[in-house]
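The block underneath contains the structure these notes are about, expressed in structure tokens.
Any read-out appearing in this document is the output of simple, stated calculations on the displayed coordinates, not a laboratory observation. What you see is a predicted model, and the numbers here were worked out from it, not measured in a lab. Quick reminder, even Gly has a Cβ in these numbers, built from the backbone with ideal geometry, and neighbours come from all protein chains shown.
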Amino acid sequence: MNACDRETATDTLNQANGIIRKKLLFFTVLMFGFGYALVPMYEKFCEVVGINNQRIPVIAENAAEADMSRIIAIELDTNVRGMQWKFKPLQTKVKTHPGELVEVMYEIKNESDHEITGKAIPSYSPRNLDQYLKKIECFCFTVQTLKPDEVKQMPVKFFVDPRLPAGIDTVTISYTFFAQEAS
């Protein structure tokens, strides 16, 4: 191989390496941008489907901020999809002042002859209630597994933000349990 052929081969190799470097840089920037965009996309997805998984610490000031001049009626609804579970709130309605901590109990029972795992998905009415409903503890944060005929009582602790628009005096909180693969 003469010097001219070696120089041509070196130039070809350098061009190929330059193209590969440009492609690697492009894909690196693209992956970084996609990773950066995942957070707002996840938040938007949760907003669209009505999922609010933020755990909010109990703050002592919340009780002091309660709006005692208003009463909100909260209707509690439950559903089960694709499972042999009985699921119900132990009370179907509660009344509270905005900003006041509320605890309600739910009960689930596996009515099948085998273990079942499920996950509760919340939905709210009016539609934008998730902006004002602050859950501190909820069974919807994790999957639930019940053995045959097992019964579980589960609390939900929350408060309604006092900034809830004045025209809203009745809200509905609904949970639907869906079957999950056991992990």
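Once the mean 1/r over all distinct Cα pairs of segment 1-49 is inverted, what Kirkwood radius in angstroms do you read off? Kirkwood radius, segment 1-49: 14.0 Å.
Counting neighbouring beta carbons within 10 Å and listing from fewest to most, the residues His97, His114 come out as His114, His97. How many nm is it between the label spots at Lys95 and Ala16, if each spot is 7 Å from the Cα in line with the beta carbon? Placing both labels 7 Å along Cα→Cβ, they lie 8.1 nm apart.
Filter Lys22/Lys44; Lys23/Lys44; Lys44/Lys157 down to the pairs with a C-alpha to C-alpha distance above 27 Å, please. Don't skip to the end; give the middle numbers.
Working: Lys22/Lys44 33 Å; Lys23/Lys44 31 Å; Lys44/Lys157 25 Å.
Pairs exceeding the cut-off: Lys22/Lys44; Lys23/Lys44.
For Lys88, go through the aspartates and glutamates and keep the ones whose alpha-carbon is under 17 Å away, minus same-chain ones fewer than eight residues off. Excluding near neighbours in sequence, the set is Glu75, Asp77, Glu103, Glu107, Glu111, Asp149, Glu150. State the label only: which of (i) 29, 17, 16; (ii) 22, 21, 16; (iii) 53, 25, 12 corresponds to semi-axes √(5λ) of the Cα gyration tensor in Å computed from the shown model? Label of the calculated value: (iii). Within segment 95-122, list the residues whose amide N lies under 13 Å from a label point set 7 Å along Cα→Cβ of Gln84. Backbone N within reach: 110-117. Among 2-11, 100-109, 161-170, the peptide with the highest mean count of other Cβ atoms within 10 Å heads the list, and the full ranking is 100-109, 161-170, 2-11. When the chain is treated as a Gaussian network with alpha carbon springs shorter than 10 Å, the biggest mean-square fluctuation among Leu129, Leu76, Leu38 belongs to Leu38. Ranked for footprinting exposure by Cβ neighbours inside 10 Å, fewest first, Val151, Val80 give Val151, Val80.
Compute the FRET efficiency between Met31 and Ala3 as 1/(1 + (r/R0)^6), taking r as their Cβ-Cβ distance and R0 = 41 Å, and round to the nearest 0.05. Write out the running numbers ahead of the final one.
Working: r = 42 Å, r/R0 = 1.01.
E between Met31 and Ala3, to the nearest 0.05, is 0.50.
From helices alone, the chain scores -10000 deg cm²/dmol at 222 nm; the rule is -39500 (n - 2.57) for each run of n ≥ 4 DSSP H residues, then divide by the residue total. Between Ile168 and Glu103, residue separation times 0.36 nm minus the direct Cα-Cα distance comes to 21.3 nm.
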